[in-house]
Structures are given as C-alpha cells and as structure tokens.
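Read the structure below first, then the notes.
The values are calculated or read from the model by the stated rules, or taken from the named source; none is laboratory data. This one's a predicted model, so the numbers in the text were calculated from it and none came from an experiment. Ideal geometry is used to build each Cβ from the backbone, glycine not excepted, and the neighbour counts take in all protein chains shown.
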Amino acid sequence: MAPQTSIPPAANVLGTIGTVFWCIQLVPQIWFNWKQKKTDGLPALMMFLYAISAVPFGVYAIIQNFNIPIQIQPQIFCLLSLVCWVQILHYNGKWSTRKAYFITSIIGVAFGVIELVLILTLRPLYLRGIEWPLTFVGIVAAILLAAGLLPPYAELWKRGGRVVGIHFGFLTVDWLGAFFSLMGVVAQNTFDPLGGSMFIICIVIEGGIFVSHAIWLFRTRKLRAVAKAAGCAFDDLPESESYHVDVPRKGSIAASRDVEHVEIERRGSLALMRERDIEVGYRLSIAKNTIIEETESTKSGKSDIKITEEEVRPRLDGQDNQADGYGTIVKKASPAMTRPTFERKNTDKSIASMFKDPVW
C-alpha cells in the first residue's frame with residue numbers, strides 16, 4: 001500500500017486523542033504496582049512482548065507516513081512497557097533495582113537501534129515499490145501485539161476468569177487508545193488494513209478480559225454477598241477454593257493465600273478461626289465422668305477400690321473448650337482414650353486424696 005500523501009484534520013484529531021490515551025495507558029498500572037509492591041497476576045511476558053511489538057509497529061507507522069501522533073505512539077508504548085517489566089523483575093523476580101534498570105536500559109537502547117536500522121533499510125526499498133518487507137514487518141507487529149495479550153488469559157484461567165493484578169484503569173485507557181487510534185486510521189484518505197488490524201486486535205482481546213471478569217462477578221455474586229455479610233474477604237471463604245487452580249509457583253495467588261493464612265493464625269483472629277473450623281475438624285470436648293466403686297473386705301479389714309473410666313471421645317458442642325487470649329482454641333478430633341484402673345493400698349487415706357485427675 002502506498003504511503004499517505006496528506007492527512008485529513010479529523011485523522012490528526014482522532015490520532016492525537018488515541019496518542020494521549022496511549023501515553024498514559026500504563027501509568028495507572030505502574031502506580032498500582034508501586035503501591036502494592038507486588039505484581040501478582042501481571043505476566044512479565046505480556047509487558048516484554050508489548051515492548052517488542054512497539055519496534056516493528058513504529059517502523060511500519062513511520063514508513064507508511066501515518067499521522068504524527070500515531071508515529072509517536074509506539075515509542076511511548078515501548079517505554080512504559082519496559083517500566084512495567086522492570087517492576088515485575090524487581091517485585092516478583094526479586095531482582096535488585098540497579099540490576100533490573102541496567103538490563104532494561106540496555107534492552108531499550110537495543111530496541112531503538114533496531115528500529116532505526118529497519119527504517120533506514122526498508123524505506124528506500126518501499127519507495128522503489130518493494131512492499132513485501134514492510135508488509136512482513138507489519139504482520140510481525142500484529143502477531144507480537146496479539147501474543148502480548150494472550151498471557152493474561154492464562155492468568156484468568158488459573159483464577160476462574162477473575163482479573164487479578166491488572167489495573168482496570170490501564171485496561172480502560174488502553175482500550176480507548178486503541179479505539180481512537182483505529183478511528184484515526186479510518187479517517188485517513190485511504191484505510192490501511194494492516195495498520196488498522198493491530199488496533200482491532202487490541203480492542204477485541206482486551207474486551208475479552210472485561211467480559212471474563214464480568215462473568216466471574218456474576219458467578220460469584222452469592223459468595224461475595226456472604227463474604228460481605230461476614231465482614232471478610234472473598235478469598236477467606238473456603239468455597240472460594242473452587243475458583244482457583246492450584247499452581248505452585250512463586251508469586252501465584254496460591255502462595256499469597258498461604259501467607260495470608262499464616263498471618264491470620266499468628267494474629268489469632270477469632271472470627272476467621274471459627275470459619276476455619278468448618279475445614280480443619282471439630283472442637284475437642286473431654287467428658288470427665290469417673291465411677292468409683294468401693295467394696296470393703298470384712299476378713300482383711302482393707303478396702304479394694306475399683307476405678308472405671310468412661311472413654312474420652314470428641315464431640316461437636318462447645319463445652320469444656322479451653323480458651324486463651326484469642327478465644328476458643330479449635331483442635332482436631334483425637335482418638336478415644338481411657339483412664340487406668342487403680343487399687344487402694346493405704347486404708348488410712350480417703351478415696352478423694354488417692355485419686356487425682358490425670359493430665360491429658
């Protein structure tokens with residue numbers, strides 16, 4: 001397709017609006033990552049593919065002579081994507097700040113050099129009518145952009161469709177940026193199918209993320225109402241486990257939930273420990289009922305004491321539970337136990353002084 005010779009004002013306006021959105025699209029996500037000091041649910045591969053896709057996208061937009069705002073978009077997009085990637089390496093990858101920024105800076109400079117070389121190499125070919133190299137670059141940009149939006153779907157599957165770690169402000173602004181940029185391409189004198197396809201891919205795939213979370217909200221509406229009434233988070237409900245796939249990896253929501261549960265036990269939260277009682281077992285109640293039968297022998301003048309103990313069994317009521325500063329201690333049910341049998345040796349001592357409650 002021949003490059004644009006003139007740009008209508010409407011295309012510049014729409015392209016500028018899209019550029020403004022894409023200039024700030026990742027700012028909410030960057031701020032969210034910094035505030036949370038973690039990036040669970042935000043795939044590092046997504047941000048890295050975003051940054052890579054900006055290189056061929058920028059080459060294609062500049063050689064095709066798109067409106068200036070759309071030519072600037074890929075450069076800003078690449079920069080913000082690399083900043084998010086640094087945060088993921090630092091917060092979840094546990095890289096030092098210096099190491100993460102140093103590696104990312106080298107990669108950013110390499111991306112800039114590659115884009116410049118491609119522009120200087122492909123533009124003369126394109127002006128001579130050899131279009132297939134630039135078309136190939138545009139296809140690669142579209143594939144990389146689509147590939148960058150696929151890792152979030154793997155995270156959605158792990159969490160039953162729930163969006164975790166991705167800020168909806170980022171998704172909304174990104175979607176609006178792609179929409180207005182697409183309108184800017186449409187408003188040009190000739191529509192570029194390949195350039196427009198990159199924006200369409202972004203609109204469709206990000207729209208699917210919104211739909212996935214909306215479906216999750218609908219499916220869990222009753223459980224979320226129960227959690228709200230109980231004054232606890234949705235993830236604290238035992239039933240919420242069915243909406244997660246156990247993925248034993250660092251930074252996964254399963255690991256986060258384990259840390260939260262340890263902290264709950266350490267604080268001794270009575271309300272949440274009662275909820276845990278449903279999962280871990282029953283309260284232990286010790287039934288103390290000693291039957292003492294004494295028969296004195298008329299011949300020897302000594303007493304024989306027979307002590308028979310009832311079996312100690314766990315039961316579900318809350319009687320005889322021990323309590324500490326945090327409330328009732330919840331214990332797992334233990335096997336049935338019995339007390340030993342005693343014989344009285346000294347007739348001068350009373351039965352009460354002979355027998356002491358055993359320590360369990």
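Residues in segment 195-218 include at least one that is at pLDDT below 85, polar (S, T, N, Q) and either surrounded by 18 or more Cβ atoms within 10 Å (Cβ to Cβ) or in contact with a Gly (Cβ under 6 Å, 6 or more places away or on another chain) (or both). Checked across segment 38-51, the condition of being in the same structural domain as Leu125 (by TED's automatic domain parsing), modelled with pLDDT under 90, out of contact with any strand residue (DSSP E or B) (no Cβ under 7 Å at 6 or more places or on another chain) and on the phi > 0 side of the Ramachandran plot holds for at least one residue. Given the condition of a type in the set (S, T, N, Q), in contact with a helix residue (DSSP H, G or I) (Cβ under 6 Å, 6 or more places away or on another chain) and over 30 Å from Arg162 (Cα atoms), answer yes or no: does some residue in segment 35-46 qualify? So far as segment 35-46 goes, no, none of its residues is of a type in the set (S, T, N, Q), in contact with a helix residue (DSSP H, G or I) (Cβ under 6 Å, 6 or more places away or on another chain) and over 30 Å from Arg162 (Cα atoms). Condition check for Phe136 on (1) of a type outside the set (Lys, Arg); (2) modelled with pLDDT of 90 or more; (3) under 23 Å from Ala214 (Cβ atoms): one failure, at (3). Among the residues of segment 166-194, those that are within 19 Å of Gly207 (Cβ to Cβ) and in a loop (DSSP other than H, G, I, E, B) comprise Ile166, His167.
Anything in segment 30-48 that is hydrophobic (A, V, I, L, M, F, W, C) and either more than 19 Å from the chain's Cα centre (by Cα) or assigned to a helix (DSSP H, G or I) (or both)? List them, or say none.
Taking segment 30-48 as the starting set, the residues that turn out to be hydrophobic (A, V, I, L, M, F, W, C) are 30-32, 34, 42, 44-48.
Ile30, Trp31, Phe32, Trp34, Ala44, Leu45, Met46, Met47, Phe48, listed by residue number.
Could you please find all residues in segment 144-165 being in a loop (DSSP other than H, G, I, E, B), over 30 Å from Asn12 (Cβ atoms) and not small (Gly, Ala, Ser)? Answer for segment 144-165, where residues must be in a loop (DSSP other than H, G, I, E, B), over 30 Å from Asn12 (Cβ atoms) and not small (Gly, Ala, Ser): Leu150, Arg159, Arg162, Val163, Val164.
Within segment 219-235, the residues that satisfy the criterion of being surrounded by 15 or more Cβ atoms within 10 Å (Cβ to Cβ) and not in a helix (DSSP H, G or I) are Thr220, Cys232. Residues that are touching a residue at least 12 places away in the same chain (Cβ under 8 Å), farther than 22 Å from Ile7 by Cβ and in contact with a His (Cβ under 7 Å, 6 or more places away or on another chain) do occur in segment 162-183, at least one of them. Just to be sure, is Val86 in a helix (DSSP H, G or I) and in contact with a Ser or Thr (Cβ under 6 Å, 6 or more places away or on another chain)? Yes. Val247 meets each of the listed conditions (1) at pLDDT 75 or above; (2) of a type in the set (A, V, I, L, M); (3) not assigned by TED's automatic domain parsing to the domain that holds Lys158 apart from (1). Exactly one residue out of Gly160, Gly195 is assigned by TED's automatic domain parsing to the domain that holds Gln29 and over 27 Å from Phe66 (Cα atoms): that is Gly160.
Taking only segment 63-82 into account, find how many residues are assigned to a helix (DSSP H, G or I) and either of a type in the set (Asp, Glu) or crowded, with 21+ Cβ neighbours inside 10 Å (or both). Before the answer, list the steps.
Just the residues of segment 63-82 that are assigned to a helix (DSSP H, G or I), to begin with: 63, 68-82.
Checking the rest, the ones that are also either of a type in the set (Asp, Glu) or crowded, with 21+ Cβ neighbours inside 10 Å (or both) come to 63, 69-70, 73-74, 77-78, 80-82.
Total satisfying the criteria: 10.
With respect to Asn65, is the statement that it is assigned by TED's automatic domain parsing to the domain that holds Leu171 and over 34 Å from the mean Cα position of the chain (by Cα) true? Give the steps one after another, and end with the answer.
Details: assigned by TED's automatic domain parsing to the domain that holds Leu171: yes; over 34 Å from the mean Cα position of the chain (by Cα): yes.
Spelling it out, Asn65 is indeed assigned by TED's automatic domain parsing to the domain that holds Leu171 and over 34 Å from the mean Cα position of the chain (by Cα).
Every residue, every condition in (1) over 29 Å from Gly196 (Cβ atoms); (2) crowded, with 18+ Cβ neighbours inside 10 Å, yes or no:
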position	(1), (2)
Lys94	yes, no
Ala100	yes, yes
Arg123	no, no
Gly129	no, no
Trp132	no, no
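Scan segment 96-116 and give yes if some residue there is assigned by TED's automatic domain parsing to the domain that holds Val13 and under 30 Å from Ala10 (Cβ atoms), otherwise no. Break it down into steps so the answer makes sense when it comes.
The initial filter retains those residues of segment 96-116 that are assigned by TED's automatic domain parsing to the domain that holds Val13, namely 96-116.
Checking which are under 30 Å from Ala10 (Cβ atoms) leaves us with 115.
Yes, some residue in segment 96-116 is assigned by TED's automatic domain parsing to the domain that holds Val13 and under 30 Å from Ala10 (Cβ atoms).
Checking the stated criteria, Ala54 turns out not to satisfy the condition of being at pLDDT 85 or above and over 30 Å from Asn92 (Cα atoms). When every residue of segment 49-62 is checked against the conditions, none turns out to be without any contact (Cβ under 8 Å) to a residue 40 or more places away in the chain, part of a helix (DSSP H, G or I) and surrounded by fewer than 24 Cβ atoms within 10 Å (Cβ to Cβ).
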